[in-house]
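Data first, discussion second: the structure below is written as structure tokens.
The values are calculated or read from the model by the stated rules, or taken from the named source; none is laboratory data. Owing to the predicted nature of the structure, the values given are computational and were not obtained by experimental measurement. So basically every Cβ, Gly included, is an ideal-geometry build from the backbone, and we count neighbours across all protein chains shown. Remember, those area values only see protein heavy atoms, side chains included, never the ligands or the DNA or RNA. Shrake-Rupley method; radii C 1.70, N 1.55, O 1.52, S 1.80 Å.
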Amino acid sequence: MQIPSRTIQATPVAPGIAIGRVMLLHSSGSRNVPVTTIEPEEVSAEISRFHAALDITKKQLHDLREQLKSQLNEKEADIFDAHILLVDDRTMTTEVEKNITTERFGAEYSVHLAVEKFSAAFAAVPDEYLQERAMDVKDVGARIIGNLSDRIPAQQLHDEPRIIATSTLTPSETVGLDRERVLAFAVETGSTTSHTAILARSLQIPAVVGVPKDVLDALTIADQLVVDGFSGKVIINPDGATLDAYRLKQQQAKKFYNQLSEDNDLLPVTRDGFVIELAANVDVGDDYSTVRNAGAAGVGLFRTEFIFMDPARLPGENEQFEIYKKLLIAAGNNPVTIRTMDIGGDKLSNAIVRSEEQNPFLGLRGIRLCLRERRDLFETQLRALMRAGVHGNLQIMIPMVSCMDEILETKKIIAELQQQLTGENIPFAANIPLGVMIETPAAVMISGHLAAEADFFSIGTNDLIQYTIATDRSNERVGHLYRPGHPAVLQMIKLTVANAMSHNIPVTVCGQTAEDISMTPLLIGLGVNELSMPPGPMPLLRRTIRQLAMAECVELAEQALKCKSAAEVMELSRRMIRRCVPELADV
Ligand code: PEP
Ligand code: MG
């Protein structure tokens, strides 16, 4: 049965309009399994329900193993075998049955208790192998719980494309989705710069966040939604007239973007002749033809961490080598900037991170994790990159840098790996440009020193804003404070560019700010050389750049640097956009 028609105002995080039926997801990231109890006469039915979920889980794991084997063309099924063995494990199933029979807990909560018990026991053993089994237990447990409830795990979707409505959607779930079967995301938690939103834009899937929990809880798979990723509106069970209006809006938006795309082969050059390069942000599995069609000058950011998100397996050196090589070959002579894995923050991979942290965004993230806890994986990744480098124009970039040692140590590791590869007679690219991501205030303040060691800077504004203003980028409760135009952020960019210029190295912006046209005149005026973004918004940015003049942007940036608030800054910048690119002012 459908719930009554209603309109919700949420926050738009990925543009586009979608119309379709709902798909409810069980989030494997959720740790709160509600306590449910049963009556004595329900025990045997509950045990049968548990066994039915075990059977489904086993089948899913078998299918996933086969699917990955055929996709990757490699026989790395061990992890799935380990998971299947866990599903069959008698100690585990007996514990769950005991929780149902003796404690009279519902099957979901009984599985949850057993998972907590066994994973804690594994985690307590001072043996790395067994500690990793704790993650396997949690993973399998989440899958069984998903199969017990009417919410389906993220990987297992309906046949017809649908709109995903869920409370949370982790980056690892997002990458695991079959994009052909997802029309849009309507999610409770998150923000424009949370990684799920970033992935949605990169997949060109309309998305909104901030959908109230009570609305999500009331939805069933029979409900129809309109998700407006431009305005943030979510319309539940729209009437015929509303549906017609949105179908028209959908067509108009498509037409507008198609028109803009006709200019994709034009140079992104200002009216007074300054070229601002446009590069693409890509993720694993993206088709390079989209990047090429958008007229990008190569890849400005490849977020490699998403390769490592599948808790069931980690890609080894050869598999990574193939992924990087494929991208480099596709890009031809164009530069391809590949960022070493930025695990941590909201991008947690059970397969990699060994302990939970109170403040993951301030924890062992990015280069910190690589140097301190997972040097093994870091070296494997660097070897794969160096080997792949012979196939194209590769640049390597290091995320989450906060001190000089991190760059010096990385360079030392690269030098050691070069010797290793030479000794093994394996071809590799020497002198791959090494870039530093400027995304912590510390990196900005020492950017003069960093510039002496780096071949380029790339400003990760998503994090730079979060760390400068001390506002969690994924927390909608402080979303009102998260402002790209904050005068402190402008000062950070200004200092970074000044230090880069004095060492003659280029500066890219690769965070979400790069695709925000209301920020474009400011970034250009502050001296940024390149903007890197998903291919989707690139036509808008090209049009914007072509109608701005560098001289005016420099003047605007000078005025903006004197402003006291983000509101004043943005008013100046938007005024310029309205004047120079009136057709885009409302986009
Ligand atoms: C950034 O911080 O702006 C960035 C590009 O990296 P990520 O969003 O992956 O943290
Ligand atoms: Mg970042």
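Would you mind giving the average projected area, over all directions, of the Cα convex hull of the stretch 305-414 in nm² with one decimal? Spell out each step's value before the answer.
Numbers: hull surface 27.3 nm².
Computing the convex hull of the Cα atoms and averaging its projections yields 6.8 nm².
Taking only the alpha carbons of the stretch 184-247, what extent do you get along each of the three principal axes, in Å, biggest first?
In descending order, the Cα extents are 34, 26, 18 Å.
Run down the lysines and flag those whose C-alpha is under 20 Å from the C-alpha of K562, throwing out any fewer than 8 positions away in its chain.
K494
Please report the relative contact order for the stretch 413-466, taking Cα pairs under 8 Å with a sequence separation of at least 6, and give it as a percent rounded to a whole number.
Numbers: 43 pairs, mean separation 19.2, N = 54.
Over the stretch 413-466, the number comes to 36 percent.
Run the numbers for A567 and E116: contour at 0.36 nm per residue of separation, minus the present Cα-Cα distance, in nm. Don't skip to the end; give the middle numbers.
On the way: separation 451, 0.36 × 451 = 162.36 nm, distance 4.78 nm.
My answer for the length gained is 157.6 nm.
Need one number: nm distance between label points at E39 and R247, each 7 Å from Cα along Cα→Cβ, rounded to one decimal.
Here the answer is 4.9 nm between the modelled labels.
Using only DSSP helix segments of four residues or longer, with each worth -39500 (n - 2.57), what per-residue ellipticity at 222 nm results for the chain after dividing by its residue count and rounding to 500?
Numbers: 22 runs with 273 residues, N = 587.
So the helix-based figure for the chain works out to -14500 deg cm²/dmol.
Using a 1.4 angstrom probe on heavy atoms only, work out the carbon and sulfur share of the accessible area of the stretch 221-296 in %. Kindly include the intermediate steps, with their values, before the conclusion.
On the way: 2020 of 3830 Å².
The nonpolar share, carbon plus sulfur, comes to 53 percent.
Across every pair of different alpha-carbon atoms, what Kirkwood hydrodynamic radius in Å does the stretch 310-373 reach?
Values: mean 1/r = 0.0738 Å⁻¹.
13.6 Å is the Kirkwood radius here.
Cβ neighbours within 10 Å, averaged per peptide: list 196-209, 558-571, 238-251 in order, most packed at the top.
Packing proxy ranking, top to bottom: 196-209, 558-571, 238-251.
Pairing the Cα long axis of helix 550-560 with the longest principal axis of the chain, what angle in degrees results, from 0 to 90 and rounded to the nearest 10?
70 degrees
Report, in degrees rounded to the nearest 10, the 0 to 90 angle that the Cα long axis of helix 317-331 makes with the longest principal axis of the chain.
The angle comes out near 40 degrees.
Find, to one decimal place in angstroms, the Kirkwood hydrodynamic radius of the stretch 516-587, where the mean of 1/r is taken over every pair of different Cα atoms and then inverted.
Numbers: mean 1/r = 0.0816 Å⁻¹.
Hydrodynamic radius (Kirkwood, Cα pairs) of the stretch 516-587 is 12.2 Å.
Counting heavy atoms of the protein chains only and a 1.4 Å probe, report the per residue accessible area for the chain as a whole number of Å².
43 Å²
For the stretch 209-350, treating each Cα as an identical point scatterer without solvent, what Debye log10 I(q)/I(0) comes out at q = 0.11, 0.22 1/Å?
Each listed q corresponds, in turn, to -0.72, -1.20.
In nm, give the distance between the simple-model label positions of Q259 and R179, each being 7 Å from the Cα along the Cα-to-Cβ direction.
2.7 nm
Might you report the magnitude of the Cβ-based charge dipole of the stretch 313-431 about its Cα centre, with Lys and Arg at +1 and Asp and Glu at -1, to the nearest 20 debye?
Details: 15 positive and 15 negative charges, 39 e Å.
Computed charge dipole of the stretch 313-431: roughly 180 debye.
Rounded to whole Å and ordered largest first, report the semi-axes of the equivalent ellipsoid of the stretch 419-519 derived from its Cα gyration tensor (root of 5λ).
Values: eigenvalues 195, 54, 27 Å².
Taking √(5λ) for each Cα gyration eigenvalue gives 31, 16, 12 Å.
Could you tell me which GluC sites (Glu not before Pro) in the stretch 391-429 are loop residues by DSSP with no more than 11 other beta carbons within 10 angstrom of their beta carbon?
E424
For the pair N293 and L408, how long in nm is the line joining their label points, each one 7 Å along Cα→Cβ?
Distance between label points: 4.9 nm.
Could you compute Rg(Cα) / (2.2 N^0.38 Å) for the stretch 265-333, with N its residue count?
1.37
Dividing the convex hull volume of the alpha carbon atoms of the chain by its residue count, what do you get in Å³ per residue? If you can, show how the numbers build up before the last one.
On the way: hull volume 89.9 nm³, N = 587.
Normalising the Cα hull of the chain by residue number yields 153 Å³.
For K412, which lysines qualify as cross-link partners when the Cα separation must be under 25 Å and same-chain residues fewer than eight apart are set aside?
Within the straight-line cut-off, K412 pairs with K325.
Any idea what the dipole of the stretch 352-493 comes to, in debye rounded to 20, about its Cα centre with Lys/Arg Cβ at +1 and Asp/Glu Cβ at -1?
On the way: 13 positive and 16 negative charges, 29 e Å.
Dipole about the Cα centre, nearest 20: 140 debye.
What's the long-distance tail for the stretch 250-301, i.e. % of Cα pairs beyond 13 Å? Each step should come with its number before you reach the end.
Working: 867 of 1326 pairs.
Roughly 65 percent, once rounded to a whole number.
What residue among A184, A551, F302 has its Cα farthest toward the positive end of the dipole of the chain, where the charges are +1 on Lys, Arg and -1 on Asp, Glu, each on the Cβ?
A551
Per residue and in Å³, how big is the convex hull formed by the alpha-carbon atoms of the stretch 390-473?
On the way: hull volume 8.3 nm³, N = 84.
Dividing the Cα hull volume of the stretch 390-473 by its residues yields 98 Å³.
Place +1 on the Cβ of every Lys and Arg and -1 on the Cβ of every Asp and Glu in the chain, take the dipole about the Cα centre, and give the residue among T193, T91, G273 whose Cα lies farthest towards its positive end.
Farthest towards the positive end: G273.
Sorted by accessible area with a 1.4 angstrom probe, largest first, how do F185, F230, F428, F274 fall? Please list the in-between numbers first.
Details: F185 5, F230 80, F428 50, F274 100 Å².
Solvent-accessible surface, decreasing: F274, F230, F428, F185.
Under 29 Å between alpha carbons, and skipping anything fewer than 8 positions from K59 in its own chain: which lysines qualify?
Of all the lysines, those that pass the test against K59 - Cα under 29 Å, at least 8 places apart if same chain - are K69, K75, K98, K117, K138, K347.
Compute the angle between helix 487-502 and the longest alpha-carbon principal axis of the chain, please, reported from 0 to 90 degrees and rounded to the nearest 10.
It is inclined by approximately 60 degrees.
Once R0 is set to 56 Å, what does the formula 1/(1 + (r/R0)^6) return for the Cβ-Cβ distance between L130 and A498, expressed as a FRET efficiency to the nearest 0.05?
Values: r = 51 Å, r/R0 = 0.92.
It comes out at approximately 0.60.
Relative contact order for the stretch 283-429 using alpha-carbon pairs under 8 Å, separation at least 6, rounded to a whole percent? It would help to have the intermediate numbers written out before the result.
On the way: 216 pairs, mean separation 38.4, N = 147.
Here the relative contact order equals 26 percent.
Using the charge dipole of the chain (Lys, Arg: +1 at Cβ; Asp, Glu: -1 at Cβ; taken about the Cα centre), state which of Y324, V140, H486 has its Cα farthest towards the positive end.
H486
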